[in-house]
Amino acid sequence: MVDAMACSGASAGATQVRLGGITVVVHPLHGVDPQAVAEIMAIVLGGQPLFRPEAEADPFQVLQQLTSDTAAALSPAQGSWLLVTTELAAHHGPGANWCTALAAFRRPLLLVVAPRPGWEGQARAYGALARQSGIPLLGVTSHGEPHAPHFDPALELGLPWLGHLPTEGAPTTQAWQDQLWLLREQLWLRWWQLCRTEQVMALSTGDLSAPGASSPGQQRQHQQHEVQHHGGGQ
């Protein structure tokens, strides 16, 4: 069903306005093994590896380069996926942090939590950070199944819950594959929901930038960052 949606010319043409040259940022939270997440997400995306920028890389420059290089995407697997392990609000030079850059470029964020005591509060805190910063939240997933009886993540967290990344602890190979496909389906559906939301926002604001091109808002944010960056270096 999801692949059929991706191949629909009408749907694709209607949803590429803002997320056409898509770059999704995957952010493993405390206690999550980034390498394990990268390996599993590569399988979910059909073999596409995640790009991991340098810890001190300028977020604006990274996103600007990927926006310029990435063509219009008809599905999540065709976009660029970043694995960002540094704190989203940590500064990388004057005025540069991932929160500000993701909000300026309207790039979706996927949070990966560790299913251990206290993970719910951590997920809520980062979800609130995304909302306050103006970052489109693709959703929340966990590396391994949360062991919390009678706990409904989607209901309790109030955040888009996409399920969990399968681990080697799956009882059978079939169970592992089932978990993988369930996550893939939820990820694709949520991606299309975000695309439609961005389309509505673009129509309401008149910001109909070409796929992969910087919107006027992005350009202003990037220009402000460049001024701060060069001013701080003098």
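Values in this text are rule-based calculations from the coordinates and carry no lab data. From a predicted model like this one, the values you see are computed outputs, not experimental measurements. Glycine also receives a Cβ, built like all others from the backbone with ideal geometry; neighbour counts cover every protein chain displayed.
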Problem - For the stretch 81-88, 3J(HN,Hα) per residue [Karplus equation, 6.51 cos²θ - 1.76 cosθ + 1.60, θ = phi - 60°, Hz, x = Gly/Pro] - result: 10, 9, 10, 9, 9, 7, 4, 5
Handout entry: Alpha carbon centroid spacing (whole Å) that separates the stretch 74-90 from the stretch 98-121
Key = 10
Handout entry: At R0 = 25 Å, FRET efficiency that the Cβ-Cβ distance of GLU185 and GLN65 yields, to 0.05
Key = 0.20
Exercise for the section: Could you please report the charge total around GLU168, scoring K, R as +1 and D, E as -1 over all other residues with beta-carbon less than 13 angstrom from its beta-carbon? Expected result: -3
